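Novice: Questions regarding the structure given below will be posed in turn.
FYI, it's all coordinate maths here, none of it is from the lab. Every value quoted in this text rests on a predicted model; they were computed, and no experiment measured them. Note that we place each Cβ from the backbone using ideal geometry, even for glycine, and neighbour counts take in every protein chain shown.
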Amino acid sequence: MQKTRHVVIAALTLALILAVAAIAYSQKGDPKKGKRIYDAYCVPCHGETGAGDGTRGMIEQFDPMPRNHTEGKYMNKRPDDELFDVIKEGGKSRNFSHIMPPWKTIISDEEVWDVFSYVRSLAVPSYKPGMAEEKKGR
């Protein structure tokens, strides 16, 4: 009886460790690192709060204006791979604005995921996993 109890406790402990590891692994990017990159490269067009009101977009009168990343009704429906591709490959990669440049020669894939994670954090209402209609995994 005692041995069975130890086996059950060990199995439950292992299951808990694996569950925590899976949750940590599923987190795509670090939003704190992403904010630093966003501030350096994205703020001129998307603005300090991500509302699409950056000074460059205003001065150059972009058409269309940069995406408002705080608009949760729109942003929360965007699949992860779509956001990743637009950051890495530019707007044209997903038939969005040609004005959005590709950042693949400036930042690494890991940093793209960091920016992605920060962009996800800007949406109001807040993004919750599963809100987007995922088309393919990365």
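Novice: Can you sort SER97, SER117 from fewest to most other Cβ atoms within 10 Å of each residue's own Cβ?
Specialist: Listing SER97, SER117 from fewest to most nearby Cβ atoms yields SER97, SER117.
Novice: Also, quick follow-up: May I ask you to derive the relative contact order of region 30-122, considering only C-alpha pairs under 8 Å and at least 6 residues apart, and to give it as an integer percent?
Specialist: That works out to 36 percent.
Novice: Quick one: Cα convex hull volume of region 30-122, Å³ per residue?
Specialist: Dividing the Cα hull volume of region 30-122 by its residues yields 85 Å³.
Novice: Listed highest first by mean packing, meaning other Cβ atoms within 10 Å per residue, what order do 85-93, 62-70, 123-131 come in?
Specialist: Result, highest mean Cβ count within 10 Å first: 85-93, 62-70, 123-131.
Novice: Follow-up question, since we're still on this one. Under the Karplus relation 6.51 cos²θ - 1.76 cosθ + 1.60, θ = phi - 60°, what is the ordered set of whole-Hz ³J(HN,Hα) values for region 100-114, x standing for Gly and Pro?
Specialist: Result, rounded to whole Hz: 5, x, x, 9, 4, 8, 9, 10, 6, 4, 4, 5, 4, 5, 5.
Novice: Give me a comma-separated list of calculated 3J(HN,Hα) values for region 116-123, in order, Karplus coefficients 6.51, -1.76, 1.60 applied at θ = phi - 60°, integers in Hz, x for any Gly or Pro.
Specialist: 3, 4, 5, 4, 4, 6, 7, 5
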